[in-house]
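Structure record follows, encoded as structure tokens.
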Amino acid sequence: MLDENLPLRGVLHCHCGNLLSGAPSRGRHGGWYYYYKCKSPGHNNISAKKAHEQFLEACELMSLTANEVKVLKEKAVEGVERHHAEEQRMLKEKKAQLDNLQEKLFAVEETWINDQISKDTYERWCSNYNGEINSLNVEILRLGKQETHLFKLLDRNLSLATDIRGLFEKADTVAKQEFVNLRFDRNLYYEKGIYRTPTMFDILSRNHLKMSEKCLLIFEKKKGFPIGNPFGWSRRDSNPRPNMV
């Protein structure tokens with residue numbers, strides 16, 4: 001069950017590997033306080049207020065400068081343009097395949113009209129060709145629409161990277177959980193009062209030594225972890241992930 005007071009419930013791990021649950025607790029003066037808890041006795045029992053402030057401070061150190069965003073956007077645009085060239089090649093190839101299938105379908109129809117094949121054979125071949133033609137038409141339509149979507153997605157996501165703390169604070173609970181899972185590859189842990197992770201996108205980890213010095217987050221990079229895209233989209237995504245604002 002989602003709770004805006006406990007957005008890390010179900011995505012943050014205890015040092016033992018268990019996902020932390022969370023629940024409110026009534027204080028001596030009647031107020032409610034929220035905690036993240038591990039099901040194993042003696043393990044994490046963390047004040048949600050403290051955990052959230054730590055995480056938000058770490059987010060501040062993940063934010064990029066305006067110049068870094070500019071450079072990243074330039075590189076990303078180059079990547080999108082390369083992708084566009086590949087999409088155009090694929091589009092041309094799919095259209096050629098479509099023309100070839102339509103010629104084959106026409107040939108089958110001619111053969112049946114001339115009584116050279118049975119009706120069952122004709123219907124079988126027509127069904128096969130029409131199925132392939134429909135699939136190709138869907139693929140051609142997708143390839144034709146992809147480019148505008150990519151540039152809009154690129155511009156919207158990268159412009160938010162200068163204020164990752166604000167980005168996280170404005171997000172709803174689902175988007176916050178998506179943020180954590182994507183940026184840390186579902187490997188965010190809490191141990192001895194500090195966050196820890198072996199997997200974090202390189203572009204967000206440039207201040208990881210400061211995070212460690214401030215007892216916010218320790219990043220011990222796992223070898224072989226791909227850099228990936230820190231803003232939650234792939235050039236081949238047909239749908240953007242949840243908006244962070």
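Since every read-out is calculated from the coordinates, none of them should be taken as a lab result. Everything numeric here is computed off the predicted structure, so don't read it as measured data. Glycine also receives a Cβ, built like all others from the backbone with ideal geometry; neighbour counts cover every protein chain displayed.
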Subject >> Separation between Cα centres of the range 36-76 and the range 79-115, rounded to whole Å >> reply: 48 Å
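Using DSSP to call loops (not H, G, I, E or B), can you name the GluC sites (Glu not before Pro) in the range 1-86 whose Cβ has at most 15 other Cβ atoms within 10 angstrom?
Working: sites: Glu4, Glu53, Glu57, Glu60, Glu68, Glu74, Glu78, Glu81, Glu86; in loops: Glu4.
Here the sparse-neighbourhood loop sites are Glu4.
Summing +1 for each Lys or Arg and -1 for each Asp or Glu, what net charge is found among the other residues whose Cβ lies under 15 Å from the Cβ of Lys119?
Working: positive: Arg124; negative: Glu109, Glu110, Asp115, Asp120, Glu123.
My count for the surroundings of Lys119 gives -4.
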**OP:** Amide H neighbours of Tyr34 under 5 Å, at least 5 residues apart or on other chains, H built in the peptide plane: list them.
**Re:** Ser25, Ala48, Lys49
Original post:
Given the convex hull of the Cα atoms of the range 27-173, what is a quarter of its surface area in nm²?
Top reply: 17.6 nm²
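Using per-residue counts of other Cβ atoms within 10 Å, averaged over each peptide, order 110-116, 189-195 from highest down.
Details: 110-116: 11.0, 189-195: 16.3.
Order by mean packing, descending: 189-195, 110-116.
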Subject >> Cβ-defined net charge surrounding Cys16, 10 Å radius [Lys, Arg +1; Asp, Glu -1] >> reply: 0
Original post:
Amide H to amide H under 5 Å from Gly22: which residues, 5+ apart in sequence or cross-chain, H placed 1.01 Å off N in plane?
Top reply: Lys37
